[in-house]
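Working notes, structure below.
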Amino acid sequence: MKSNITGLAHIGIFTKDIGKSIDYYKRLGFALDNEEEVGEMKLAFLSAGTCLIELIGVAEERTAGVVDHIAMVVDDIDQAVSDAIANGIEIDASQITSVPILGGVRNVFFTGPDGERLEFFEYSK
């Protein structure tokens with residue numbers, strides 16, 4: 001069966017403090033593309049390469065839906081971690097691991113400002 005899915009549109013993340021989250025993702029290397037308001041909800045769209053994140057700022061705490069992690073492809077994981085740390089992002093570089101999936105990858109997990117699990121993902125060259 002042929003899929004109509006051609007790629008990832010975006011990853012939505014509910015946030016308690018949209019300004020704090022915008023700042024965090026900008027320091028991580030994302031560019032703020034657009035901010036919008038829909039009623040009481042504030043939205044911010046940030047991009048890095050082909051990755052698009054939609055931050056959703058709402059007055060009440062949301063409990064529906066779970067995103068396990070957001071994986072971001074990087075060309076050089078060591079440099080990505082170093083740059084993120086230099087920009088005030090907490091990542092334990094000693095946790096970079098090699099995983100024998102998809103032909104071999106190196107990855108590291110870290111946590112965003114609202115507890116979201118993030119991952120840098122480098123394909124073997």
Residue count, the stretch 13-32, condition open to solvent by 30 Å² or more (accessible area, probe 1.4 Å), part of a strand (DSSP E or B) and out of contact with any Lys or Arg (no Cβ under 9 Å at 6 or more places or on another chain), comes to 1
How many residues of the stretch 73-89 are part of a loop (DSSP other than H, G, I, E, B) and not β-branched (Val, Ile, Thr)? The answer is 4
Of the residues in the stretch 94-109, those that are touching a helix residue (DSSP H, G or I) at 6+ places or on another chain (Cβ under 6 Å) and open to solvent by 50 Å² or more (accessible area, probe 1.4 Å) come to 106
Restricting the stretch 8-41 to residues that are under 15 Å from residue 113 (Cα atoms) and without any contact (Cβ under 8 Å) to a residue 12 or more places away in the chain, the one farthest from the chain's Cα centre (by Cα) turns out to be 19
Do we find that residue 54 is surrounded by 15 or more Cβ atoms within 10 Å (Cβ to Cβ), part of a strand (DSSP E or B) and modelled with pLDDT under 95 in this structure?
yes
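Among the residues of the stretch 33-49, which ones are surrounded by 14 or more Cβ atoms within 10 Å (Cβ to Cβ) and under 18 Å from residue 83 (Cβ atoms)?
Across the stretch 33-49, the qualifying residues are 46, 47, 48.
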For the stretch 62-92: of the residues being surrounded by 13 or more Cβ atoms within 10 Å (Cβ to Cβ) and small (Gly, Ala, Ser), which is modelled with the lowest pLDDT?
71
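The values are calculated or read from the model by the stated rules, or taken from the named source; none is laboratory data. These numbers come from a predicted model, not from an experiment. Cβ: placed from backbone, ideal geometry, glycine included. Neighbour counts: every protein chain shown. Areas reflect the complete protein model, heavy atoms only, side chains present, ligands, DNA and RNA absent. Shrake-Rupley method; radii C 1.70, N 1.55, O 1.52, S 1.80 Å.
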